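Working notes for the structure below.
Every number here is computed from the coordinates shown, using simple stated rules; none is lab data. Predicted model only: the values in this text are computed from it and were never measured. Positions of Cβ are backbone-derived with ideal geometry, glycine not excepted, and every protein chain shown enters the neighbour counts.
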Amino acid sequence: MPRLTLRGDFVNKVYKPHLQNQHRYQIYFGGAGSGKSVFLATRCVIDTLQGRNTLIIRQVARTLKSSCWNEINKAIRRLGMQHLFTVSKTDMTITARNNGAQMLFCGLDDVEKIKSLTPQTGVLTDIWMEEATECAYQDFKQLDKRLRGGSPHVKRLTLSFNPISRAHWIYKEFFSIWQEDRPYAESATVSILKTTYRDNRFLTNDDRAALEAEKDPYFYQVYTLGNWGVTGNVIFTNWRAETLPDPVPGETRMGLDFGFAADPCGFLLLRYERKQKRIWVMEEMYEKGLTNLALSKRLSPYASFGPIACDSAEPKSIAELRTLGVNAYPVRKGPDSVVHGIQWLRQQEIILSPACQHLREELSRYQWQQDATGQALPRPKDKDNHLIDALRYALENDIDSRYAFTANKKSLGL
Ligand SMILES: Nc1ncnc2c1ncn2[C@@H]1O[C@H](COP(=O)(O)OP(=O)(O)O)[C@@H](O)[C@H]1O
Ligand SMILES: [Mg+2]
């Protein structure tokens, strides 16, 4: 093939050595706007011209078009290489004209497609999991197994993400070699590069100022500084996301938190195993702007599953949903019911389907309020808790009211 010469300014400096990175497992993580996605999209384009076949993954298929698919098409244009590729929007493939190598796109929620996806020539040499914290450990393991078969190219699995929670499986799996004060670590098989907005010279001053002005300490750590999100004040650590068993054991519960304009409406379908103290969260709905009529339509598939426990602050909405055929009822909200519910939830094992992205985000960020000295108070911050509220409502009747509750710090593990 003709030699490729790339102008030096296509790639941020920090990533340049990684154009040729041959590690089996490659991790690109850090803050928002650090150039991770653009770099990996650019590298993918160049790799394809060299005969590599890349499968580009996100958890949810419908988010691929607006992210990786766009980034790769932009990278092709930026490199002036439109004439070197055939782009098929219908099957979401991009094929190099010189060698037939391909970039394939698939969501992990598209179970049938992912099983059958293979490149038209040769074998898969690369998998790029974008926003990999959305994905379950089992899916990563399955994808890892896909990377085998004869090929002149080293097989590589690349993960990119923001470090949302130190409790994440990615941290456990790869970060034993990591030292927080360094931007790079490697072993024989793993390489880890941390970047932040400071590494991206293509950002505007406004972009930078916005990241620097972040007031929320959690967001500042994770999205500005690119550090693993942990605070002593996180309320829930007793949860994980993984592929749920089929069938899911336990009794069905459903909860609904109302919202419309500023706040989303949050709904959860789950199963509860009382003896095992185990909550399986199967499905979530998280949407703004739903009228009660639209909401009732969205809830109709669940009609036969039983009653839906709703926020009692909106009796009118509950009444309206009932006339629209939804088996909605208000939860009882006693004094201290929020903290009591949290205390109870903290004693359960909570397992989420990887599809429950919003609940996962809420759980990883839900925090206690702090006093002026930074000490945690036994009151949660009333923020980003729509699905957590729906979770409490769904389990309202299971929440043990026998033991006398006092909101002291010890009972909350503070
Ligand atoms: N190599 C590049 N060439 C041109 N613009 C870039 C490049 N890298 C990053 N950018 C700009 O910076 C923005 C943020 O980069 P992105 O890769 O989306 O960051 P991250 O994935 O780390 O959040 C992009 O939307 C793009 O405008
Ligand atoms: Mg990105």
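Taking the convex hull of the alpha carbon positions in segment 131-251 and averaging its projected area over all directions gives 11.6 nm².
Hull volume per residue, based on the alpha-carbon atoms of the chain and their convex hull, is 168 Å³.
For segment 1-138, the average shadow cast by the Cα convex hull is 8.5 nm², which is a quarter of the hull's surface. The GNM of the chain, with springs linking C-alpha atoms under 10 angstrom apart, assigns the highest mean-square fluctuation among Leu64, Leu290, Leu49 to Leu290. Measuring nothing but alpha carbons in segment 239-412 and taking Rh as the Kirkwood radius, the Rg to Rh ratio lands at 0.96. Counted over the chain, the DSSP beta bridges are approximately 45% antiparallel.
Each residue of segment 16-31 was assigned a 3J(HN,Hα) from its phi angle through the Karplus curve 6.51 cos²θ - 1.76 cosθ + 1.60 (θ = phi - 60°); the sequence is 3, x, 8, 4, 10, 4, 10, 5, 5, 10, 10, 10, 10, 9, x, x Hz, with glycine and proline shown as x.
The 3J(HN,Hα) values that the Karplus relation (6.51, -1.76, 1.60; θ = phi - 60°) gives for segment 65-76 are, in residue order, 4, 7, 10, 4, 4, 5, 4, 5, 5, 5, 4, 4 Hz. Gly and Pro appear as x. Shown for segment 239-412: lysine pairs separated by 8 or more places, or found on different chains, whose C-alpha atoms are under 24 Å apart, numbering 18. The alpha-carbon of Lys113 sits under 28 angstrom from the alpha-carbons of these lysines, leaving out residues fewer than 8 places away in its chain: Lys36, Lys65, Lys74, Lys89, Lys141, Lys145, Lys155. Amide H to amide H distances under 5 Å link Phe105 with Ile56, where only residues 5 or more positions off or on other chains count and H is placed in the peptide plane. Applied to segment 137-150, the Karplus parametrisation 6.51 cos²θ - 1.76 cosθ + 1.60 on θ = phi - 60° returns per-residue 3J(HN,Hα) values of 4, 4, 5, 4, 4, 4, 5, 4, 5, 5, 8, 8, x, x Hz, with x for Gly and Pro. Taking every DSSP beta bridge that has both ends in segment 89-229, the antiparallel portion is near 55%. Cβ crowding within 10 Å, taken as a proxy for footprinting-reagent exposure, orders Met285, Met254 from fewest neighbours to most as Met285, Met254. Can you pull the Rg over Rh of segment 210-309, Cα-only, Kirkwood? Reported Rg/Rh, Kirkwood definition of Rh: 1.07.
Remark on Glu349: its backbone amide H falls under 5 Å from those of Arg278, Ile279, a criterion applied only to residues 5 or more positions apart or on other chains, H modelled at 1.01 Å from N. Exposed loop sites are taken as trypsin sites (Lys or Arg not before Pro) in a DSSP loop (any state but H, G, I, E or B) with at most 13 other beta carbon atoms within 10 Å; the longest stretch of the chain without one runs 8-88. Close amide H contacts of Gln367 (hydrogens built in the peptide plane, cut-off under 5 Å, sequence separation of 5 or more or a different chain): Ile235, Lys381. Compactness of segment 338-381, taken as the C-alpha radius of gyration over 2.2 N^0.38 Å, stands at 1.35. The smallest convex shape that holds all Cα atoms of segment 305-385, its convex hull, gives 143 Å³ per residue.
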